[in-house]
Structure formats: C-alpha cells, structure tokens
Amino acid sequence: MSAIHRITTEYSLFASFGFAICNDPGELLPIDVDPGSSLPSASQIFFYDTYIEPGGAGVACILDGVGAVTIPTGVGQHITTVQYQIIGGTPGESAAINYCEVVDGQVSYLNWLYFEGATLLPEQLLGYPRFKRGDGNADGEVDIADVVFGLSGLFTGGPLGNCRDALDANDDGTVNIADPIYTVMYLFIPGSPPPPPPFTFCGDDQTPDPVDCEQSAPQC
C-alpha cells in the first residue's frame, strides 16, 4: 500500500517531515513502520521516531539538524513503509486509511514538510488513485472493449480517460500501440501473461514512471 504527501511549492528539496495515518482497527492492525528507501542511511538521519497503535501509526523525521541533508521532492520518493496485518474483511475488498492528526485519541501528529528553510503544510494528503491495469474504459472488466477504447484514444481522437496507468497494459511507462496488442495477446493467445499488478484486484501503481492516474476508477 502506498501513499503520498502532495504539495505545491517552489522548493525542490525537503529536509524533514511528519504524518500520521489512521485506520479501522477492526480491519487493519499496523505492525511496523520503517524508513523508506529514498531516505539516507540510519547513521545520517538526525531524528526518526515512530508510534504504533491499533488505530493508526505516526512518524516524525528530521534528516539533519541544520538542513544539510535533504532529498528531492517528486512522485516516486519512498520515505516510509507502514506494514499492516489484515484483521477482517473479504478478499478483494479495500480497507481505508486516512491521514489524521491524532492516533487513537492519544498522540498528536502534525502533517508537515520542511522545505529549504520554510515549514509548509501539504495542500492535499492523498492515497494513490486505484485502478485495474488493462481496464482502460473503467467498467471493471478487462476485455476487447478496452482494446477498442485504447485504439480509439490513440488513433482517432477518442478519450483516454482519467487514468492512463490503466491503459498502460504492459506497465512499460508509456501508452502506445504495444498496450492494446498486449491485452489482445492476453485475451486470445493461451499462455500469454496477464497485465502486471494491479490486475486481479484494484490497487495503486507500484512502478515509478511518467504515466499517471488522476483519479480512482469508479469500480475501485
């Protein structure tokens, strides 16, 4: 499960951040919070603190006490991993996590980012939009209608929808003729591989690339 802090700013580097994510303890149980792969090594991080309760998890990180250690902004920066144990629910269903400022009514966390000398609040705190790869027309199924939809958008001026990630059937980071061909092969040639995840169920894109998804598909 991935999530992002999204912020509009003229700054290009950030040096510290903090946030809390709350969940329904009847559905999910946070079990671990770890630094993401985009952060420096532990010996270079000035301060890193986490908090875990049944209803959520929080993290506060200062990369460097004087702002000398920073990482670039941008989609694809992996700053924190929160692992969950699934408590209840039905396979294929989704469980909500939401940014919050108080975990279980006990510990307060401020959602903030520190950019090049300025502390800013994110304009939005969002999860990545959810979609099913190959389902370009967003009707919940991957079938020949998606092939027609993609070809129409590519070659006859038809719409491409609000989630180009769904059209990127082969997950190569571009939307082109190779994608409807990939879907046709999967649908009609036995043994052809299915589209990469998220495919069986809706999910977010785990592959950093320039293809984006503006909003979750209606069926997700």
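The values are calculated or read from the model by the stated rules, or taken from the named source; none is laboratory data. None of the values given here were measured: they were computed from a predicted structure. FYI the Cβ positions are ideal-geometry reconstructions off the backbone, even for glycines, and counts take in every protein chain you see.
Looking at this structure, is Ala169 without any contact (Cβ under 8 Å) to a residue 40 or more places away in the chain and hydrophobic (A, V, I, L, M, F, W, C)? Working first, answer last.
Working: without any contact (Cβ under 8 Å) to a residue 40 or more places away in the chain: yes; hydrophobic (A, V, I, L, M, F, W, C): yes.
The answer is yes for Ala169.
Residue-wise test of (1) over 10 Å from Gly134 (Cα atoms); (2) in contact with a Ser or Thr (Cβ under 8 Å, 6 or more places away or on another chain); (3) at pLDDT 95 or above; (4) hydrophobic (A, V, I, L, M, F, W, C).
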{"position": "Ala169", "(1), (2), (3), (4)": "no, yes, yes, yes"}
{"position": "Asn176", "(1), (2), (3), (4)": "yes, no, yes, no"}
{"position": "Asp179", "(1), (2), (3), (4)": "no, no, yes, no"}
{"position": "Leu187", "(1), (2), (3), (4)": "yes, no, yes, yes"}
{"position": "Phe199", "(1), (2), (3), (4)": "no, no, no, yes"}
{"position": "Pro208", "(1), (2), (3), (4)": "yes, no, no, no"}
{"position": "Ala217", "(1), (2), (3), (4)": "yes, no, no, yes"}
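Criterion first (small (Gly, Ala, Ser), touching a Pro at 6+ places or on another chain (Cβ under 6 Å), touching a residue at least 12 places away in the same chain (Cβ under 8 Å) and over 12 Å from Pro198 (Cβ atoms)) does Gly161 satisfy it?
Details: small (Gly, Ala, Ser): yes; touching a Pro at 6+ places or on another chain (Cβ under 6 Å): no; touching a residue at least 12 places away in the same chain (Cβ under 8 Å): yes; over 12 Å from Pro198 (Cβ atoms): yes.
So Gly161 fails the test.
Evaluate the following for Asp209: is it in contact with a Cys (Cβ under 8 Å, 6 or more places away or on another chain), among the acidic types (Asp, Glu) and surrounded by 14 or more Cβ atoms within 10 Å (Cβ to Cβ)? Walk me through it before giving the result.
Values: in contact with a Cys (Cβ under 8 Å, 6 or more places away or on another chain): no; among the acidic types (Asp, Glu): yes; surrounded by 14 or more Cβ atoms within 10 Å (Cβ to Cβ): yes.
Taking the combined requirement at face value, the residue does not satisfy it.
When residues of the stretch 163-194 are filtered for being in a helix (DSSP H, G or I), of a type in the set (Asp, Glu) and touching a Lys or Arg at 6+ places or on another chain (Cβ under 8 Å), how many remain?
Residues of the stretch 163-194 in a helix (DSSP H, G or I): 164-167, 178-188.
Still in the running and of a type in the set (Asp, Glu): 165, 179.
Pick out the ones that are also touching a Lys or Arg at 6+ places or on another chain (Cβ under 8 Å) and you get 165.
Count: 1.
Quick one: which residue in Gly127, Gly88 is at pLDDT below 65, of a type outside the set (Lys, Arg) and under 30 Å from Gln219 (Cβ atoms)?
Gly127 is the lone residue from the list that is at pLDDT below 65, of a type outside the set (Lys, Arg) and under 30 Å from Gln219 (Cβ atoms).
Cβ-Cβ under 8 Å, sequence separation 6+ or interchain: first residue in the stretch 139-151 and in the same structural domain as Asn162 (by TED's automatic domain parsing), partner among the hydroxyl-bearing types (Ser, Thr, Tyr) and surrounded by 14 or more Cβ atoms within 10 Å (Cβ to Cβ). Which pairs?
Cβ pairs passing all conditions: Val142/Thr183; Val142/Tyr186; Asp146/Thr183; Val147/Thr183; Gly150/Thr183.
Residues of the stretch 181-199 being more than 12 Å from Asp168 (Cα to Cα) and surrounded by 12 or more Cβ atoms within 10 Å (Cβ to Cβ), which ones?
Within the stretch 181-199, the subset more than 12 Å from Asp168 (Cα to Cα) is 184-194.
Within the stretch 181-199, Val184, Met185, Tyr186, Leu187, Ser192, Pro194 qualify.
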